[in-house]
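J.: I'd like to ask some things about the structure below.
The values are calculated or read from the model by the stated rules, or taken from the named source; none is laboratory data. No experiment lies behind these values; they were computed from the predicted model shown. For neighbour counting, all protein chains shown are included, and Cβ atoms are generated from backbone atoms with ideal geometry for every residue, glycine included.
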Amino acid sequence: MRLLFFAGATREGSYNKKLARLGQHIAEANGIEAVFVDLRDYPMPIYDGDLEAREGPPERAREFKALLCEFDGVFIASPEYNSSVTPLLKNTLDWVSRVREKGETGLEVFKSRVFAISGASPGYYGAMRSLLTLRQILTIGLGALVIPEQIAVPRAMDAFDADGSLKDKAQQELCKSVVEALAVAARKFGKSG
């Protein structure tokens with residue numbers, strides 16, 4: 001069983017990259033094969049139906065879909081931009097859903113693995129509003145199974161220790177429980193479950 005971790009941000013100092021990397025480290029500490037990827041390595045143009053009709057999905061979308069297919073569970077750390085998900089994250093999910101092999105709908109990659117969502121924000125709500133939107137996109141729009149456990153980290157600029165762990169022990173334990181719940185669900189319901 002393998003878990004993939006990524007954030008809906010490309011900024012070097014992204015709190016959500018820190019959260020995704022923390023999830024990866026927690027998984028590895030529990031003996032789970034875990035990989036962190038950076039969406040900076042998968043640049044894609046803004047989704048455009050005319051572009052898709054002319055050229056098909058971009059190569060990076062094909063590569064990212066192929067990467068997703070290698071994992072049983074996916075942990076997404078979502079920043080909050082104006083009470084929603086980042087354009088980067090939405091665009092990535094949109095393009096991946098457009099990568100279709102013959103006879104596919106494009107949603108198989110989402111329907112055949114388990115997802116966990118999380119978020120960190122400098123604000124009081126800790127990206128909670130973006131998580132509501134992300135859960136809707138994944139479950140209703142893409143047909144994914146998203147576990148109910150999640151973590152929203154408020155005041156993210158002060159939330160992390162130098163070693164990448166969360167200063168608040170309750171938050172650290174919550175992050176651990178989300179990763180563990182993802183692993184259990186991925187074993188049971190993921191592509192190889």
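J.: List, please: which pairs have Cβ atoms under 9 Å, are six or more places apart or on different chains, and start with a residue in segment 12-30 that is over 17 Å from Asp41 (Cα atoms) and surrounded by fewer than 20 Cβ atoms within 10 Å (Cβ to Cβ) and end with one that is modelled with pLDDT of 95 or more and among the basic types (Lys, Arg)?
T.: Ala29/Lys176; Asn30/Lys176
J.: Let me spell it out: the conditions are (1) surrounded by fewer than 22 Cβ atoms within 10 Å (Cβ to Cβ); (2) touching a strand residue (DSSP E or B) at 6+ places or on another chain (Cβ under 8 Å), and Ala120 meets all of them except one. Which number is the exception?
T.: The failed condition is (1).
J.: Restricting attention to segment 123-152, report how many residues are crowded, with 22+ Cβ neighbours inside 10 Å and in a loop (DSSP other than H, G, I, E, B).
T.: The total comes to 2.
J.: Continuing with the same structure: Kindly list the number of the only condition in (1) farther than 20 Å from His25 by Cα; (2) among the polar types (S, T, N, Q); (3) in contact with a Leu (Cβ under 7 Å, 6 or more places away or on another chain) that fails for Gln136.
T.: (3)
J.: Does Phe115 fit the bill of being of a type in the set (Phe, Trp, Tyr), closer than 22 Å to Glu173 by Cα and crowded, with 17+ Cβ neighbours inside 10 Å?
T.: On the way: of a type in the set (Phe, Trp, Tyr): yes; closer than 22 Å to Glu173 by Cα: yes; crowded, with 17+ Cβ neighbours inside 10 Å: yes.
Yes.
J.: Under 8 Å between Cβ atoms, at least 6 apart or on separate chains: pull out the pairs that start in segment 173-186 with a residue that is touching a residue at least 40 places away in the same chain (Cβ under 8 Å) and under 15 Å from Val146 (Cβ atoms) and end on any residue that is of a type outside the set (Gly, Ala, Ser) and assigned to a helix (DSSP H, G or I).
T.: Val179/Ile26
J.: Okay, moving on. Keeping to segment 159-178, report how many residues are within 15 Å of Asn16 (Cβ to Cβ) and either touching a Phe, Trp or Tyr at 6+ places or on another chain (Cβ under 8 Å) or assigned to a helix (DSSP H, G or I) (or both).
T.: Count: 6.
J.: Can you report the number of residues in segment 93-108 which are in contact with a Lys or Arg (Cβ under 8 Å, 6 or more places away or on another chain), closer than 17 Å to Ile140 by Cβ and at pLDDT 95 or above?
T.: 1
J.: Additional query: I'm checking my understanding of the structure. Among residues of segment 88-106 that are touching a residue at least 60 places away in the same chain (Cβ under 8 Å) and farther than 10 Å from Tyr47 by Cα, which one is surrounded by the most Cβ atoms within 10 Å (Cβ to Cβ)?
T.: Ranking the candidates gives Leu89 first.
J.: Still on this model: Just checking, which of Gly119, Gly106, Gly73 is over 11 Å from the mean Cα position of the chain (by Cα) and among the small types (Gly, Ala, Ser)?
T.: That would be Gly106, the only listed residue that is over 11 Å from the mean Cα position of the chain (by Cα) and among the small types (Gly, Ala, Ser).
J.: Now, a different point. Give me the pairs, please: first residue somewhere in segment 126-137 and touching a residue at least 24 places away in the same chain (Cβ under 8 Å), second residue anywhere and part of a helix (DSSP H, G or I) and of a type outside the set (A, V, I, L, M), beta-carbon distance under 8 Å, and either six or more positions apart or on two chains.
T.: If the second residue must be part of a helix (DSSP H, G or I) and of a type outside the set (A, V, I, L, M), the pairs left are Ala127/Asn16; Ile137/Lys90.
J.: Here are the criteria: (1) surrounded by 15 or more Cβ atoms within 10 Å (Cβ to Cβ); (2) over 25 Å from Ala152 (Cα atoms); (3) modelled with pLDDT under 95. Tell me which single one Tyr81 does not satisfy.
T.: Going through the list (1) surrounded by 15 or more Cβ atoms within 10 Å (Cβ to Cβ); (2) over 25 Å from Ala152 (Cα atoms); (3) modelled with pLDDT under 95, Tyr81 breaks only (2).
J.: Checking the condition among the charged types (D, E, K, R) and touching a strand residue (DSSP E or B) at 6+ places or on another chain (Cβ under 8 Å), which residue from Glu108, Glu180, Glu149, Glu173 passes?
T.: Glu149
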